[in-house]
Structure formats: C-alpha cells, structure tokens
Amino acid sequence: MATFSLTHHAATTIERRRFVVQGIVQGVGFRPFVYGLALRCQLAGFVRNDSSGVTIEVEGTPEALDAFQAALRTEAPPLACIDSVGVASLPACGDTGFVIAPSQAGVKRHTLISPDVATCDDCLRELFDPADRRSRYPFINCTNCGPRFTIVEDVPYDRGKTTLRAFRLCPACQAEYDNPLDRRFHAQPNACPVCGPQVRLLDSAGRAPLPDPITEAARRLAGGAVLAIKGLGGYHLACDACNTLAVDRLRRCKYREAKPFAVMVPDLLTAQKLGEVSPTEADLLQSRRRPIVLLDKRPGCPVVPGVAPLYDTVGVMLPYTPLHHLLLSAFAESIEPGAPAVLVMTSGNLSEEPIAYRDEDALERLRPIADGLLVHNRLIHVRCDDSVTRVVGKREQLFRRSRGYVPEPIVLARPFPLPLLACGGHLKNTFCLGKDRQVFVSHHIGELENLETLISFREGIEHFQRLFDIYPEAVAYDLHPDYLATQYALDANVEYKVGVQHHHAHIASVLAEHGLEGPVIGIAADGSGYGTDGAVWGCEVLVADLLAFERVAHLAYAPLPGGAQAIRQPWRMAAVYLEQAFGDAFLELNIPFIVGACGQAPVDVRWRPLKQMIARGLNSPPTSSLGRLFDAVAALLRIRDEVVYEGQAAIELEMHAGKSSRDDPPDHLYPFTIGDSRPAQLDVAPLIRAIVQDLQSGVPITSIAHRFHASVAEMLAKACVRVREQTRLNVVALSGGVFQNRLLLERLLARLETLGFEVYINRRIPPNDGGLSLGQAAVAAARLR
C-alpha cells in the first residue's frame with residue numbers, strides 16, 4: 001500500500017468524488033498515474049483495481065477535483081484505453097493522505113485486459129546498458145510494455161492471477177513494484193536475473209548444452225540450424241532467411257510446401273532492404289502491437305525465394321520481446337559483416353495444427369523439426385499467434401487479428417439484449433463474446449479440422465467467459481451443419497440459438513465495425529459459404545441490414561465437381577467454365593490448357609468422369625463462388641492446376657496481374673452480362689470466351705490476368721449501380737476473403753467512389769472468415785432485440 005499525506009486548511013471547502021474508470025486501465029500504469037495526479041492536485045483518498053476497472057475516491061477543493069477529473073482522460077498513460085468515467089459525489093471523510101489500496105474482487109466484472117505490448121524504449125535502453133542490473137535480461141518489462149493477455153489467468157489483474165506468480169520478487173524488484181513513482185510499480189511481470197524466469201537452449205534430445213543460450217542459439221542459426229523459439233504467445237520455428245538449405249529443410253519438415261513464411265528483422269532500416277515501406281507501414285512495423293506487415297518486395301530482396309515462393313510481397317515484423325532483440329543482435333554478430341540479419345519466424349506447428357505453446361507439447365511436436373529449442377520457464381496461459389496486417393488506401397487492414405490486438409473490445413452502436421457467444425466459421429476461426437456494447441473477438445484459433453484446434457477453441461471460450469464475466473444466454477452460429485463450431489453451438493446449453501447465413505455475417509461485420517445499422521448494398525465475395533438454397537455461395541450482392549438481407553444478385557451458378565476436390569484442383573473449375581462458355585467443343589480449343597497435359601492425363605480424359613458426375617448430380621453442388629472463378633482463370637492461364645493451401649491459385653493469379661506492363665490499355669475490359677431476374681445473374685461466359693480469344697492471340701498471361709481483375713471489379717461496380725437504381729441505396733459494404741486481393745479491392749474501391757458510392761470495408765477485423773464471429777454477434781443481437 002502506497003500513501004502520501006496532505007493537510008487541508010479548515011476554511012477551505014472540501015468535497016469528495018468517486019470515479020469508476022472502465023476500459024483498459026489495469027496493467028498499464030494507471031494507478032501510479034492517478035497517484036501522481038492526486039499528488040499534483042493535492043487530493044486525498046485512494047485508488048484501487050477491482051472487477052469494475054479502477055475505482056478512485058478523492059477529496060479536496062472543487063477546483064482541484066475538476067482539474068483531476070479533466071486530466072484523467074487527457075493525460076492517461078499511453079497504453080490505457082478509457083471507455084467510460086463514472087462520477088458520483090460523496091460526503092467528505094477527512095482523509096489526509098492518498099493511498100493505493102489493495103485490489104478487490106467483485107461479483108460483476110467490467111475489467112478489460114491489455115494486449116501483449118512490445119518492449120518499450122526505456123526497457124530497451126536498459127537491456128543493452130552493461131551497467132544496468134537487467135542488462136541482457138530477456139524478460140525485462142515495465143508498466144508500459146511486456147506480456148499481458150498471454151499470462152493473465154483471472155481478474156483483477158494482479159501478479160497472483162498471472163503465470164508470474166511462481167516467481168517471488170527479490171528485494172530490489174519488490175521495492176520497484178511497491179513504489180508508485182517507479183516505472184515498474186505493480187508491473188505484474190516484473191522480474192530480473194535474480195528472481196525471474198530464465199532461458200535455456202535444449203538440443204534435439206532435450207538436454208541443455210551450454211550456459212550462454214541466446215548467443216549459442218544465434219551461432220547455430222547462422223550455421224544453418226532450425227530452432228524452435230518460445231515467444232509471448234507460443235513457439236516460433238526459426239532459421240536464417242538468407243540460407244536456402246535451411247529454409248528448404250524447414251519447409252519439408254513443417255509440411256508447408258508453398259505458403260509464405262514471415263520474417264523478423266532487427267530494425268526498420270533492415271525492413272526497408274526487404275520491402276517498400278510507406279510511412280503508414282513504418283508506423284505499423286514500429287507500433288507497440290508489432291504485427292507482421294505485408295510489404296511489396298524490393299528488387300534484389302536478400303531473402304531466399306523459398307521464404308515466399310512466387311510472391312511479390314514479404315511478411316515482415318520487428319522484434320517485440322527482449323529475447324527477440326537479444327537473439328537478433330547476437331545473430332547479426334554471427335553472420336558475415338554487412339549481411340542483413342533476417343530470421344524466418346513462422347508459427348511453431350505442423351501444417352494445419354495449432355501453434356505449440358506448452359513446453360511439453362513443443363518438445364514432442366517440434367523436436368522432430370528443429371535442431372534445438374530455445375525455451376524459458378515463464379508459462380504461457382493462452383496461445384496467441386502473430387497478427388498479420390497490410391496497408392490499403394493508406395490505412396491498415398487486418399488479415400489475422402491476434403497478438404497485440406486481442407483482447408481489445410470492439411464497441412457496437414447498440415447494446416446486446418443478452419450476453420452472447422458467436423462461434424465463427426470453420427476456416428480461420430475466431431469466436432467472440434458480447435455484452436452491453438462490447439464485443440471481445442478472440443485471438444486467431446485457426447482451421448477447426450482436428451481435435452487439437454477444437455480443444456483450443458473450447459478452452460478459449462471458457463477463458464474469455466471467466467476473464468470478462470460473460471456467460472452467454474444466446475449463441476450465434478453459421479448455417480453449415482458440418483462445421484464443428486456450428487455443432488458446438490447447437491450442443492450448447494443456452495436458451496436462444498441464432499443461425500446466421502455466412503455472407504450476411506460478412507456484411508454485418510463491416511456494419512458492426514463501423515457503427516452502421518444499414519440497409520446497405522453488400523458485396524460478399526469468398527471461396528464458399530452455405531447458402532439458404534443449399535448451394536455453395538461466394539459472390540453475393542445483398543441488400544442488408546443487421547436484422548436481415550435480400551440476395552439481389554449473384555455470380556451465375558457453376559457445378560463444383562467433386563466438392564472439396566474441385567477446390568484442391570482448380571483445373572476442374574477451368575473445365576467447368578469452359579464447358580459453360582463453349583459446350584463440349586471446348587475440348588477442341590487450341591489453347592495450352594487443352595493442348596498441353598493437365599497433371600498426369602490430358603484434359604479430355606480427366607473431364608469425362610467429371611461430366612458424368614455433373615450430369616448425374618453426384619457431389620457437384622452448384623456454386624456462385626468468386627474464389628472458384630479466380631481458381632478457374634488461374635488454371636486456364638496455366639498458372640496453377642492444383643493447390644496445396646487455400647487461395648493459392650487466386651493469390652498467384654494476382655501476382656501475375658501485378659506484373660502487367662504499364663503500357664496495357666487500362667480500360668481494356670472483358671465482357672459480362674447482368675440479367676434482369678431477381679436475384680440477377682452475373683454471367684461470365686462472355687468473359688471466359690474473351691480470355692480464350694486473348695490466349696489464342698498470344699496476349700501475355702500477365703495482361704490477361706490484369707484485365708480479368710479489372711473486369712471483375714467493373715462487374716461488381718455495375719451490379720451496385722443496378723441495385724442503387726432499384727433501391728436508392730448509396731452505401732456499399734465489401735467483405736469476404738476475396739477482398740484480401742489488393743489489386744481487386746483497390747480497383748473496385750476506386751471505381752465505386754468514382755460512381756459516387758460511400759464505401760466501407762473491414763479494417764479492425766479481417767475480411768476473411770476471421771471476422772465472421774463479429775458479424776454473427778451483430779446479427780443475433782439485432783434479431784434478439
């Protein structure tokens with residue numbers, strides 16, 4: 001308990017006020033800020049953490065109380081995020097000092113937990129200061145930085161309710177912890193080499209070989225080793241990003257054939273050697289969130305091609321823990337002078353598995369991949385993968401919202417009528433919990449395709465319920481009956497269960513994020529979502545608000561022969577679209593897709609059983625998926641016949657489009673038709689025929705790819721114009737995984753804005769299925785009202 005004393009003059013009017021401050025106000029230096037502010041304003045009373053947030057009672061002159069009240073918001077610590085300040089007048093008690101009182105638990109909880117925060121500049125200076133007692137200590141932190149969400153087990157946020165409770169503070173650290181004027185006052189992860197966690201380097205047999213683990217780890221990485229490294233929210237697999245053999249071996253062992261790896265670099269200067277860095281991207285890279293930022297590769301980028309095969313972008317992040325800073329510093333000293341210090345830092349898992357975060361699990365799962373493990377004995381309570389972001393239109397757009405962002409809430413325009421759980425989708429799963437006006441969207445869970453990820457999903461929900469005191473009385477879910485998240489919702493012991501159509505949830509996620517209620521023109525474009533007619537939807541033009549939607553247009557249906565197999569083999573969709581455009585005569589076309597072999601057999605041989613399957617209606621559901629159209633064109637251009645991860649063909653098609661010559665006619669568009677029915681059919685058979693004509697004329701595939709993107713953008717824009725003429729709506733919301741395609745998104749945004757539309761996209765949550773849970777929650781809340 002910390003105090004200071006003051007003396008009131010008898011003739012002075014003394015008042016007392018209580019402030020209840022809610023938001024992210026625990027673990028961010030808020031109480032020492034209040035202490036210093038009370039000292040400056042000469043006020044008596046107390047401040048404490050409790051389950052409501054931070055409660056303050058102060059007494060003094062009215063003028064001093066007014067100044068104190070104003071400064072609570074305007075001078076709050078940088079990591080604090082104040083949602084509300086409740087004020088009440090109380091009788092004066094005659095206090096003569098100010099006290100930082102012990103934390104107090106309560107029945108109802110309104111406390112918000114800060115995300116994990118990158119190492120601050122003050123701690124970095126101490127980290128590399130040989131005279132500092134924490135010099136080169138890999139767990140240095142203070143109230144302005146360090147782990148938060150990944151170590152907290154319960155609230156109020158005190159050391160005894162974090163994974164640091166196992167480490168008893170030494171006298172020097174305890175003195176800092178108890179001093180309200182110290183930067184480490186009540187810094188719950190506070191530690192030093194004497195009393196805190198320690199690092200070990202284990203060899204592949206689980207033995208700790210040498211006493212200087214970080215330097216030895218750096219030396220081994222420079223020598224071509226692959227190491228597992230324990231971070232804030234889980235393990236990374238790391239190797240030298242400029243070593244072809246090391247990168248190739250990591251790909252083989254991780255069973256990650258082609259998907260890009262992220263890299264970590266020591267500073268912004270090194271990042272600028274890898275990619276083009278705009279001011280907004282520089283701010284993101286250096287922010288306290290430290291996400292992976294997707295940058296356009298610079299010519300001569302020094303990382304080996306195997307880091308991001310066929311990509312013209314590279315995912316870059318800067319160090320966000322002291323251990324990362326020390327490791328990269330030692331790595332830079334271990335490689336050739338002048339060579340860039342760039343480490344692959346990819347999730348510590350096998351393909352499709354959740355990231356390893358418990359030590360025994362990491363030893364079992366990662367030891368076959370890694371030559372050693374750089375571990376420590378600070379436990380991680382919640383796994384939390386790295387966030388991924390990029391800049392579109394000079395603003396941030398998230399692809400994966402996790403470490404550094406979670407669990408900050410998203411505030412809705414209207415309150416929930418009941419506490420609610422939304423379970424999200426199957427791919428890139430997140431869940432969310434909501435009450436009052438706050439929605440807590442979870443960290444990235446991943447693909448719900450195995451037991452490990454399902455367990456992670458269930459454990460995450462239980463932890464969020466306990467942490468935010470939200471025990472749902474309603475649950476929202478996707479309509480697809482086979483999704484594990486849907487089955488979890490249907491099995492839940494709650495009274496109200498609300499099914500939300502996949503693409504309605506996408507559009508609702510944009511509305512919820514921007515505080516809109518609609519109606520709007522919504523374009524939801526992705527790979528697949530369960531439609532209300534049983535078809536596989538994926539290019540939907542909706543008139544939607546939070547309550548309901550009408551499907552007013554969609555991409556004309558095409559069969560999906562083999563179901564999921566058609567997603568893994570895009571050549572099937574190319575054949576389907578060719579058959580729709582030319583009939584059986586497509587097999588006589590003189591284009592590389594037909595003339596050359598497609599896989600192990602010519603197209604005509606492989607098409608025959610698919611045609612029979614479609615004719616008999618066997619495992620060939622109709623689809624309106626724009627993702628499948630992108631796949632088809634990628635295969636038609638012989639860019640990608642088969643894929644090993646979701647969206648690969650479409651991503652590589654975008655890469656080719658980006659290489660199109662600047663001399664290509666900018667307005668060379670392929671034809672399409674929009675029917676007069678309702679819902680209207682967006683027919684791309686004319687577009688397919690025009691692409692074939694360009695192929696036969698020898699037009700470069702980069703030009704065809706670029707024209708295709710421009711044509712799809714024009715088709716969607718014209719569909720919006722048609723809906724505006726019918727409804728007079730002028731607001732458009734864009735969402736769905738296809739809008740991760742920057743070329744398409746920026747072209748469509750520019751076209752819609754030229755046409756006078758007001759356009760909104762996902763910014764704070766991903767446009768992919770990682771944002772579904774927010775949309776589900778918003779729709780369910782509207783219906784429950």
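The values are calculated or read from the model by the stated rules, or taken from the named source; none is laboratory data. Because the structure is predicted, anything quoted here is derived from the model rather than measured. With ideal geometry, Cβ positions are generated from the backbone for all residues, glycine too; neighbour counts draw on all protein chains shown. Accessible surface areas use protein heavy atoms only, side chains included; no ligands, DNA or RNA. Shrake-Rupley method; radii C 1.70, N 1.55, O 1.52, S 1.80 Å.
Being more than 28 Å from the chain's Cα centre (by Cα) and at pLDDT below 95: is that true of residue 676 here? Yes, satisfied. Only one of the numbered conditions (1) in contact with a strand residue (DSSP E or B) (Cβ under 7 Å, 6 or more places away or on another chain); (2) within 30 Å of residue 25 (Cβ to Cβ) is not met by residue 182, and that is (1).
Residues that are in a loop (DSSP other than H, G, I, E, B), out of contact with any Phe, Trp or Tyr (no Cβ under 8 Å at 6 or more places or on another chain) and more than 13 Å from residue 509 (Cα to Cα) within the range 411-429 comprise 414, 415, 416, 417, 427, 428, listed in sequence order.
Confirm whether residue 363 is touching a Ser or Thr at 6+ places or on another chain (Cβ under 6 Å), in contact (Cβ under 8 Å) with a residue 24 or more places away in the chain and open to solvent by 20 Å² or more (accessible area, probe 1.4 Å). Taking the combined requirement at face value, the residue does not satisfy it. Could you please let me know if residue 184 is over 30 Å from residue 401 (Cα atoms), surrounded by 15 or more Cβ atoms within 10 Å (Cβ to Cβ) and of a type in the set (Lys, Arg)? So residue 184 does not fit the description; no. Only residues that are closer than 26 Å to residue 284 by Cβ, part of a helix (DSSP H, G or I), open to solvent by less than 10 Å² (accessible area, probe 1.4 Å) and not aliphatic (A, V, I, L, M) were counted in the range 754-778, giving 4.
Residue-by-condition table, conditions (1) at pLDDT 95 or above; (2) of a type in the set (D, E, K, R); (3) closer than 24 Å to residue 376 by Cα; (4) not in a helix (DSSP H, G or I):
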{"residue": "210", "(1), (2), (3), (4)": "no, no, yes, yes"}
{"residue": "214", "(1), (2), (3), (4)": "yes, no, yes, no"}
{"residue": "219", "(1), (2), (3), (4)": "yes, yes, yes, no"}
{"residue": "253", "(1), (2), (3), (4)": "no, no, yes, no"}
{"residue": "257", "(1), (2), (3), (4)": "no, yes, no, yes"}
{"residue": "266", "(1), (2), (3), (4)": "yes, no, yes, yes"}
{"residue": "289", "(1), (2), (3), (4)": "yes, yes, yes, yes"}
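Determine whether the range 561-569 contains at least one residue that is crowded, with 24+ Cβ neighbours inside 10 Å, touching a helix residue (DSSP H, G or I) at 6+ places or on another chain (Cβ under 7 Å) and under 24 Å from residue 605 (Cα atoms). Yes, the range 561-569 has at least one match. Does residue 537 qualify as being aromatic (Phe, Trp, Tyr), closer than 24 Å to residue 258 by Cβ and open to solvent by less than 10 Å² (accessible area, probe 1.4 Å)? Here the answer is no, as residue 537 does not meet what is asked. For the subset of the range 629-654 comprising residues that are among the charged types (D, E, K, R) and closer than 20 Å to residue 715 by Cβ, which member is least open to solvent (accessible area, probe 1.4 Å)? Ranking the candidates gives 631 first. Just wondering, is there one or more residues in the range 371-382 that are under 21 Å from residue 156 (Cα atoms), at pLDDT below 95 and touching a Gly at 6+ places or on another chain (Cβ under 8 Å)? Yes, the range 371-382 contains a residue that is under 21 Å from residue 156 (Cα atoms), at pLDDT below 95 and touching a Gly at 6+ places or on another chain (Cβ under 8 Å).
Considering the range 734-753, the residues that are in contact with a Pro (Cβ under 8 Å, 6 or more places away or on another chain) and open to solvent by less than 10 Å² (accessible area, probe 1.4 Å) include one that is farthest from residue 506 (Cα to Cα), namely 739. The set of residues in the range 47-66 that are under 16 Å from residue 158 (Cβ atoms) and in contact with a Phe, Trp or Tyr (Cβ under 7 Å, 6 or more places away or on another chain) comprises 47, 49, 54. Pairs meeting the criteria (first residue in the range 599-624 and under 15 Å from residue 566 (Cβ atoms), second residue hydroxyl-bearing (Ser, Thr, Tyr) and open to solvent by 50 Å² or more (accessible area, probe 1.4 Å), beta carbons under 6 Å, at least 6 apart or on different chains) are 622/557; 624/557.
The set of residues from the range 276-294 being free of Cβ contacts under 8 Å to residues at least 60 places away in the same chain and touching a Gly at 6+ places or on another chain (Cβ under 9 Å) is empty.
Scanning the range 297-333 for residues that are under 23 Å from the mean Cα position of the chain (by Cα), outside any helix (DSSP H, G or I) and of a type in the set (Val, Ile, Thr) gives 313, 314, 316, 321. Counting only residues that are in a loop (DSSP other than H, G, I, E, B) and closer than 22 Å to residue 511 by Cβ, the range 523-573 holds 6 of them.
Scanning the range 680-697 for residues that are among the charged types (D, E, K, R) and within 38 Å of the chain's Cα centre (by Cα) yields one hit, 683. Just need a number here: residues in the range 409-422 that are under 19 Å from the mean Cα position of the chain (by Cα) and either among the hydroxyl-bearing types (Ser, Thr, Tyr) or open to solvent by 30 Å² or more (accessible area, probe 1.4 Å) (or both). Of the residues in the range 409-422, 1 are under 19 Å from the mean Cα position of the chain (by Cα) and either among the hydroxyl-bearing types (Ser, Thr, Tyr) or open to solvent by 30 Å² or more (accessible area, probe 1.4 Å) (or both).
Checking 154, 83 one by one, the residue that is under 35 Å from the mean Cα position of the chain (by Cα), at pLDDT below 90, surrounded by 13 or more Cβ atoms within 10 Å (Cβ to Cβ) and in a strand (DSSP E or B) is 83 and no other.
Within the range 370-397, being open to solvent by 10 Å² or more (accessible area, probe 1.4 Å), among the hydrophobic types (A, V, I, L, M, F, W, C) and part of a loop (DSSP other than H, G, I, E, B) holds for 379, 380, 382. Quick one: is residue 550 at pLDDT 95 or above, within 23 Å of the chain's Cα centre (by Cα) and open to solvent by 10 Å² or more (accessible area, probe 1.4 Å)? Against the criterion (at pLDDT 95 or above, within 23 Å of the chain's Cα centre (by Cα) and open to solvent by 10 Å² or more (accessible area, probe 1.4 Å)), residue 550 does not qualify. Candidates are the residues of the range 165-181 that are more than 16 Å from residue 133 (Cα to Cα) and surrounded by fewer than 16 Cβ atoms within 10 Å (Cβ to Cβ); the one that is modelled with the highest pLDDT is 168. The residues of the range 45-79 that are of a type in the set (A, V, I, L, M), assigned to a loop (DSSP other than H, G, I, E, B) and open to solvent by 20 Å² or more (accessible area, probe 1.4 Å) amount to a single one, 76.
Among the residues of the range 432-447, is any polar (S, T, N, Q) and assigned to a strand (DSSP E or B)? For the range 432-447, residues polar (S, T, N, Q) and assigned to a strand (DSSP E or B): present.
Does residue 354 satisfy the condition of being within 15 Å of residue 241 (Cα to Cα) and under 26 Å from the mean Cα position of the chain (by Cα)? For residue 354, the condition - within 15 Å of residue 241 (Cα to Cα) and under 26 Å from the mean Cα position of the chain (by Cα) - is not met. Filtering 750, 690, 719 for residues that are farther than 24 Å from residue 556 by Cα, at pLDDT 95 or above and small (Gly, Ala, Ser) leaves a single hit, 750. Number of residues in the range 481-522 that are open to solvent by 50 Å² or more (accessible area, probe 1.4 Å), over 16 Å from residue 759 (Cβ atoms) and either of a type in the set (Phe, Trp, Tyr) or in a loop (DSSP other than H, G, I, E, B) (or both) equals 6.
Tell me yes or no: at least one residue of the range 226-243 is surrounded by fewer than 19 Cβ atoms within 10 Å (Cβ to Cβ) and either of a type outside the set (A, V, I, L, M) or not in a helix (DSSP H, G or I) (or both). No; the residues of the range 226-243 include none that is surrounded by fewer than 19 Cβ atoms within 10 Å (Cβ to Cβ) and either of a type outside the set (A, V, I, L, M) or not in a helix (DSSP H, G or I) (or both).
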